[in-house]
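To start, the structure itself, in structure tokens.
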Amino acid sequence: MSRRDTPFVVGLVGSAGVGKTSLLERLIPEIAERGLAVGVVKHASHGFQVDRPGKDSHRLYASGPSAVALASDEQVATFVRPATERTVSLGSAMAGLPAGLDVVLVEGFGWEPIPRFVLVRPESAPRREHLQSGPVLGVVQVPEPLPDAKPSYADTLVRKIALEIAGHPPAHRGPRPCAHPRPRVRVALGVIPSWVQE
């Protein structure tokens, strides 16, 4: 399948603990099986530490460079220090992704104006900002998980959402944008389906 010039960027938004990561884990292979290259951006609202103190790469980053790349034959990781942004934009986060992706799945970044699926528990209503910040492709009702368990998603629901994402037409076929300060996205309009897990 041919690669898109600009990836389709779609978000999963919802309250903490609703099951966004669990759904992403299921969607990624489902979309990739359709021949699409998938990237993921996750907003870590409480910060994170990828590297371990004392390791060479951690020591190098701590010494103050704007960026450090750590490379092996299996993977490449780049640690970039945000220039001036207090809240990192989705565009800045996406700048670290490679070219040639067909789809970028975004967890969080609910304030960004991107198409999204809003995840809610059956007894909860979607938050207003999740419905108003960007086009809503669907509201997904997530069943309450068993105690000490992650949310579980039916295969049919995962396939429906993956087909919705994979079915978006390729982005515009012009020249590839240079270092994207803000992601260019395609907006899907229409009725907001509400998907309930069967």
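No lab work stands behind these numbers, since they all come straight from the coordinates. Everything numeric here is computed off the predicted structure, so don't read it as measured data. Every residue, glycine as well, gets a Cβ built from its backbone with ideal geometry; the counts of neighbours run over all protein chains shown.
Things worth noting here:
- Distance distribution P(r), region 58-172, all Cα-Cα pairs, bin width 10 angstrom from 0: 10, 29, 31, 24, 7 percent.
- For Lys20, a cut-off of 26 angstrom between C-alpha atoms picks up these lysines, skipping any fewer than 8 places away in its own chain: Lys42, Lys150, Lys160.
- The residues Phe79, Phe8, when put in order of fewest to most other Cβ atoms within 10 Å, stand as Phe79, Phe8.
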